[in-house]
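The values are calculated or read from the model by the stated rules, or taken from the named source; none is laboratory data. Predicted model only: the values in this text are computed from it and were never measured. Virtual Cβ from ideal backbone geometry, glycine too; neighbours counted across all protein chains shown. Protein only, heavy atoms only, side chains kept; ligands, DNA and RNA dropped before computing areas. Shrake-Rupley method; radii C 1.70, N 1.55, O 1.52, S 1.80 Å.
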Amino acid sequence: MTYFGKIFYGIKTLWTGMKVTGGYFFPNITRKKYVITRQYPDEPAVVFPRFKGEVVMWHNENNEHRCTGCQACEIACPNGSIEIIWKREVDPETGKKKKMLDQHIYHLSMCTMCSLCIQACPTNAIMWSTNFHNATYDRGLLTKVLNKPGSKLMAGVEE
Amino acid sequence: METNTQILSTEDLRSQEYFLNMGPQHPATHGVLRLLLTMDGEIVKNIEPDLGYIHRGIEKMVEYDTYRQIIHVTDRLDYLSSHMNNEAVALAIEKALEVEVSDRIKVIRTMMDELTRIASHLLWWGVMGMDIGALTTFMYAFRDREMINEIMEKTTGARLTMSYNIPGGVMFDLHPDFVKDVKAFIPHMRKVLPEYDRLLTGNIIFQRRMKGVGYLSAEDAISHGASGPVARGSGVRCDIRKKAPYSAYDRVEFDEIIETGGDNLARYQVRMREMYESLNILEQLVDNIPEGPYQMPMRTLIKLPKGEFYQRVETARGEFGVFIVSDGKKNPYRVKFRSPGFSNLNALIQAGRGVKLADLVAIMSTFDFVIPDIDR
């Protein structure tokens with residue numbers, strides 16, 4: 001290839017590439033055809049229902065949860081994100097002492113979102129929330145107690 | 001009268017070798033990899049990789065985990081092909097327990113594998129363009145990778161570290177939109193892949209950086225244990241999907257991509273053509289997802305029988321192997337991960353000798369390293 005031939009070949013290949021970018025650029029400035037960037041804080045984020053944000057415990061309107069304190073999630077967790085603190089309480093119906101959930105402590109800072117606790121739960125007490133606004137200035141705020149204060153076990157879960 | 005060329009002839013020129021640190025904070029190493037280069041002027045004489053900057057002791061760590069808990073750690077090896085890493089462990093455990101999974105699980109796993117492979121190659125394409133100075137490629141690749149990420153997020157709930165496989169199945173069933181989304185993705189991808197070629201492959205600057213640079217012969221590729229697109233770019237047939245089919249790869253038709261150039265351009269072409277093959281596989285499977293359970297019944301606490309179990313899969317970077325030694329307890333006695341990046345790094349020493357320093361960046365890009373995969 002001659003000297004000038006090489007120059008023209010170089011310009012031709014550059015032009016081929018620039019045609020692709022131009023094909024997107026010019027329709028975009030006239031009628032915003034190919035804009036795909038979502039301006040997140042101004043537009044709402046698209047979050048799908050299965051998104052693994054953080055583990056939450058489901059409570060009904062009477063402030064009752066489904067966790068029996070069986071510690072299956074604590075055993076299934078690979079990195080110690082879940083701690084169950086349980087207590088023995090006297091069952092008012094039978095008068096016997098029974099193992100009850102006191103605090104379901106969840107360390108979000110250690111969680112790897114592997115879903116094993118949710119798979120392990122026999123009573124479907126915990127589930128994923130799609131909340132992703134988890135950034136804090138203090139690491140201590142990432143340790144959460146999942147059962148709400150004053151909540152108790154829903155009737156009929158243990159059968 | 002002496003001319004300049006006579007003065008600068010190599011016999012008269014006294015040169016001194018010196019060492020140059022490339023990394024661990026060099027942007028072109030894509031992570032914390034340190035290469036100790038022996039340089040003669042601008043020419044690389046020798047490469048000494050220095051590893052361990054992101055060593056997390058995963059192989060030791062999983063000795064204290066139960067078999068279900070191993071899987072989520074393998075996401076963190078080669079995070080761009082996390083689904084294949086998960087699958088390797090799940091297949092090894094199923095092989096040890098002699099569990100036959102349903103056809104639906106096999107097809108789901110294969111489709112997810114191929115989507116992950118395309119996503120990984122797309123990221124590689126965009127980032128490789130950036131490494132050699134073409135910033136536009138990154139935007140194009142990430143636009144299309146976003147479609148795969150959304151498919152993944154809808155079904156598995158995560159975009160990168162999916163932890164989707166479990167021993168004996170997958171964690172959730174497919175999202176109802178999955179088939180529709182994949183069917184929308186395939187024609188889109190077929191449309192944009194020629195666009196990629198127009199944008200970058202034919203470009204004369206790109207061709208000069210790629211053609212004949214970083215030659216790796218087939219013998220060297222074999223002797224250094226290279227696998228994946230690196231070895232296939234040198235003409236070595238090493239596709240595990242063909243050699244030892246797992247999941248649903250024995251029921252789909254696809255070609256093993258071989259290029260014989262051995263240089264940067266050959267490795268580039270292997271990955272570009274592999275994306276077309278992945279689309280072919282997806283196209284064959286998307287209409288034929290069989291009905292069936294997505295999880296096989298397994299015990300909560302899995303105990304493997306005594307023995308040694310090995311399973312290998314083809315990730316986006318090459319052959320990934322899981323070797324489990326079990327002594328019959330609930331956690332493994334020893335786990336060894338054979339990662340593709342570590343062996344490919346050895347082949348880089350061969351391919352990178354005698355090139356210019358700027359070309360070494362291009363060679364590293366076509367080798368497509370993921371540093372957590374090398375260090376584990």
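Number of residues in the range A:46-58 that are surrounded by 11 or more Cβ atoms within 10 Å (Cβ to Cβ) and assigned to a loop (DSSP other than H, G, I, E, B) equals 7. A Cβ distance below 7 Å, combined with a sequence gap of six or more or placement on separate chains, defines the contacts here; from the range B:198-211, residues that are more than 9 Å from chain A (Cβ to nearest Cβ) reach residues that are in a helix (DSSP H, G or I) and aromatic (Phe, Trp, Tyr) in the pairs B:MET210/B:TYR268. Does B:THR300 fit the bill of being part of a loop (DSSP other than H, G, I, E, B), open to solvent by 70 Å² or more (accessible area, probe 1.4 Å) and more than 30 Å from B:LEU193 (Cβ to Cβ)? Taking the combined requirement at face value, the residue satisfies it. Quick check on the range A:65-73. Is at least one of its residues surrounded by 15 or more Cβ atoms within 10 Å (Cβ to Cβ) and within 11 Å of another protein chain (Cβ to nearest Cβ)? So far as the range A:65-73 goes, yes, one or more of its residues are surrounded by 15 or more Cβ atoms within 10 Å (Cβ to Cβ) and within 11 Å of another protein chain (Cβ to nearest Cβ).
For (1) open to solvent by 10 Å² or more (accessible area, probe 1.4 Å); (2) in contact with a helix residue (DSSP H, G or I) (Cβ under 6 Å, 6 or more places away or on another chain); (3) outside any helix (DSSP H, G or I); (4) under 25 Å from B:GLY126 (Cβ atoms), each residue gets a yes or a no:
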residue: B:PHE323; (1), (2), (3), (4): yes, no, yes, no
residue: B:ARG353; (1), (2), (3), (4): yes, no, yes, no
residue: B:ASP359; (1), (2), (3), (4): yes, no, no, yes
residue: B:ALA362; (1), (2), (3), (4): no, yes, no, yes
residue: B:PHE369; (1), (2), (3), (4): yes, yes, yes, yes
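Tally the residues that are of a type in the set (Val, Ile, Thr), under 13 Å from the mean Cα position of the chain (by Cα) and away from chain B (no Cβ under 13 Å), restricting the search to the range A:97-116. Of the residues in the range A:97-116, 0 are of a type in the set (Val, Ile, Thr), under 13 Å from the mean Cα position of the chain (by Cα) and away from chain B (no Cβ under 13 Å). All of A:PRO41, A:PRO92 fail the test of being out of contact with any Gly (no Cβ under 8 Å at 6 or more places or on another chain), more than 30 Å from B:PHE142 (Cα to Cα) and away from chain B (no Cβ under 14 Å), apart from A:PRO92.
When the residues of the range A:11-33 are filtered to those that are away from chain B (no Cβ under 13 Å) and either assigned to a helix (DSSP H, G or I) or touching a residue at least 40 places away in the same chain (Cβ under 8 Å) (or both), which remaining residue is nearest to B:ILE205 (Cα to Cα)?
A:PHE26
The set of residues from the range A:1-10 being at the interface with chain B (Cβ under 10 Å from one of its Cβ atoms) and either loosely packed, with under 11 Cβ neighbours inside 10 Å or in contact with a helix residue (DSSP H, G or I) (Cβ under 6 Å, 6 or more places away or on another chain) (or both) comprises just one member, A:GLY10.
If I filter the range A:84-91 for residues that are open to solvent by less than 50 Å² (accessible area, probe 1.4 Å) and of a type in the set (A, V, I, L, M, F, W, C), do I get at least one hit? Can you show your working first?
Let us first name the residues in the range A:84-91 that are open to solvent by less than 50 Å² (accessible area, probe 1.4 Å), namely A:84, A:91.
Right, trim to of a type in the set (A, V, I, L, M, F, W, C) and you get A:84.
Among the residues of the range A:84-91, at least one is open to solvent by less than 50 Å² (accessible area, probe 1.4 Å) and of a type in the set (A, V, I, L, M, F, W, C), which makes the answer yes.
Condition check ((1) closer than 25 Å to B:PHE369 by Cα; (2) open to solvent by 10 Å² or more (accessible area, probe 1.4 Å); (3) within 9 Å of chain A (Cβ to nearest Cβ)) across all residues:
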position: B:GLY129; (1), (2), (3): yes, no, no
position: B:ARG145; (1), (2), (3): yes, yes, no
position: B:ILE148; (1), (2), (3): yes, no, no
position: B:THR156; (1), (2), (3): no, no, yes
position: B:VAL170; (1), (2), (3): no, no, no
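Scanning the range B:42-86 for residues that are in contact with a Leu (Cβ under 9 Å, 6 or more places away or on another chain), hydrophobic (A, V, I, L, M, F, W, C) and away from chain A (no Cβ under 14 Å) yields B:ILE43, B:VAL44, B:ILE47, B:LEU51, B:ILE54, B:LEU80.
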